[in-house]
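Read through the structure below, which is laid out as structure tokens, and then see the notes.
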Amino acid sequence: MSKKEKAVFALAENLQAVIAMVSRLQDFIKVHKEIAAGYQKYRKSGGKSIPGIEKHLGIKEQKSVPPTNAEETGKAVKTKAPKQGAEAKKTKKKATV
């Protein structure tokens, strides 16, 4: 056998291994989707969160969100008014020649 024939046989064996793994991966993805859907249903019906599962599924906890600028515009915004007796500050600049 030459090197080319060995490479062809190795490639065919590798392809057969990949084909066998694809069916297993399809089954795994199907089970994963079922588990994720079941967990979502559990959480919606008032179940407690499980941090490991939520991290794995990529579910982010909803924390209290600080008010945005749009919400603040509805409220009266306080501005500082200058004091009545105060004068504008004068700045001294050195003239460079």
**Prompt:** Out of (1) modelled with pLDDT under 85; (2) surrounded by 10 or more Cβ atoms within 10 Å (Cβ to Cβ); (3) not aromatic (Phe, Trp, Tyr), the odd one out for residue 64 is which?
**Reply:** (2)
**Message:** Is it the case, given these coordinates, that residue 81 is hydrophobic (A, V, I, L, M, F, W, C) and at pLDDT below 85?
**Reply:** yes
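Does region 1-45 hold any residues that are outside any helix (DSSP H, G or I) and modelled with pLDDT of 90 or more, and which are they?
45 - this is the single residue of region 1-45 that is outside any helix (DSSP H, G or I) and modelled with pLDDT of 90 or more.
Considering only residues that are among the polar types (S, T, N, Q) and under 18 Å from residue 58 (Cα atoms), which ones fall in region 12-46?
40
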**Request:** Would you check if residue 48 is exposed (fewer than 10 other Cβ atoms within 10 Å of the Cβ), modelled with pLDDT of 85 or more and in a loop (DSSP other than H, G, I, E, B)?
**Result:** yes
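The values are calculated or read from the model by the stated rules, or taken from the named source; none is laboratory data. Just so you know, these numbers come straight off a predicted model, no measurement behind them. For neighbour counting, all protein chains shown are included, and Cβ atoms are generated from backbone atoms with ideal geometry for every residue, glycine included.
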